[in-house]
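Below is one structure, written out as structure tokens, with a few remarks after it.
The values are calculated or read from the model by the stated rules, or taken from the named source; none is laboratory data. Computed from a predicted structure; not experimentally measured. Every residue, glycine as well, gets a Cβ built from its backbone with ideal geometry; the counts of neighbours run over all protein chains shown.
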Amino acid sequence: MRLMRILIIEDEPGIAGFLKEGLEEECFAVDVANNGREGLSMALTSDYDLLIVDWLLPGLSGVEVCRQFRKESSEIPVIFLTAKDTLDDVIFGLESGANDYIKKPFAFEELLARIRVQLRGSTSGSSLLGVDGVEMNLAAHRVTCNGKDVSLTPKEFALLEYLLRNRGSVCTRSRIIEHVWDIHFDADTSVIDVYINFLRKKLDAAGCNDLIETVRGVGYVIRGE
């Protein structure tokens, strides 16, 4: 399955590095911004599953980052991780749009548990995906085509999941490689074409033909109903 993506907006390098290393060990894809303006820009221009935000940031406060982010996205969970620890601070932070609030110093295990709660809540209704005879059960890690099992490798499964989640929208090669391969730079995306070919062959063999459409020079899309 695809990597869940987390953005950490934290100006203390030691804390940011500790969080990034720990979360990557837990199989999350992690980006870090060290000031509020950079963090807000990244949050608004990339697809993240969760944000971890410090309150006292240079450039733009964490509260303002959260408020502006909420104008564009009402669903992505935001967790404040901050040294501001009074009850009024907690209430103010939550009312600014955060889903949770953790006071520094903190236990990584607690943060990890709270992250998983937020991500579970945001994805609980989406364990089944399907279109035109193809059904994907994320919990069982199973794909069927007109009732017939289709055996996919983990990367093929993650690629199909990403296309199905974005059904009707053209998925560019750069976004696919960021979400499925966790590569953040301008890399060679030819590997995507290879895996699309693998997927097509397996789906065609199972009777689900022409599911993935090529948008020449841009990427791929699953339309269907």
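Observations on the model:
Here's the yes/no breakdown for (1) crowded, with 17+ Cβ neighbours inside 10 Å; (2) farther than 17 Å from K104 by Cβ:
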{"site": "I8", "(1), (2)": "yes, no"}
{"site": "E12", "(1), (2)": "no, no"}
{"site": "L23", "(1), (2)": "yes, no"}
{"site": "C27", "(1), (2)": "no, yes"}
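- Among residues of region 89-103 that are over 11 Å from Q118 (Cβ atoms), those with a beta-carbon under 6 Å from a residue that is at pLDDT 85 or above and β-branched (V, I, T) at least six positions away or on a different chain give the pairs S96/V63; Y101/V90.
- Where a residue in region 179-192 is over 16 Å from Y162 (Cβ atoms) and part of a helix (DSSP H, G or I) and its partner, wherever it lies, is among the basic types (K, R) and at pLDDT 75 or above, with Cβ under 8 Å and at least six apart: none
- For region 130-157, a tally of residues being surrounded by 19 or more Cβ atoms within 10 Å (Cβ to Cβ) and either in contact (Cβ under 8 Å) with a residue 60 or more places away in the chain or polar (S, T, N, Q) (or both) returns 3.
- For D47, the criteria (1) surrounded by 23 or more Cβ atoms within 10 Å (Cβ to Cβ); (2) closer than 11 Å to L7 by Cα hold in every case but one, which is (1).
- Yes/no for A107 being free of Cβ contacts under 8 Å to residues at least 24 places away in the same chain and either out of contact with any Gly (no Cβ under 6 Å at 6 or more places or on another chain) or over 30 Å from L56 (Cα atoms) (or both): yes
- When F108, F92 are checked against the criterion of being aromatic (F, W, Y), loosely packed, with under 15 Cβ neighbours inside 10 Å and farther than 22 Å from E38 by Cα, F108 stands alone in meeting it.
- Every test in (1) closer than 20 Å to F106 by Cβ; (2) surrounded by fewer than 20 Cβ atoms within 10 Å (Cβ to Cβ) is passed by L19 save one, and that test is (2).
- Condition met for L57 (within 13 Å of L81 (Cβ to Cβ) and surrounded by 20 or more Cβ atoms within 10 Å (Cβ to Cβ)): yes
- Per the conditions (1) more than 30 Å from K155 (Cα to Cα); (2) modelled with pLDDT of 90 or more; (3) in contact with a helix residue (DSSP H, G or I) (Cβ under 6 Å, 6 or more places away or on another chain), the sole criterion not satisfied by G97 is (2).
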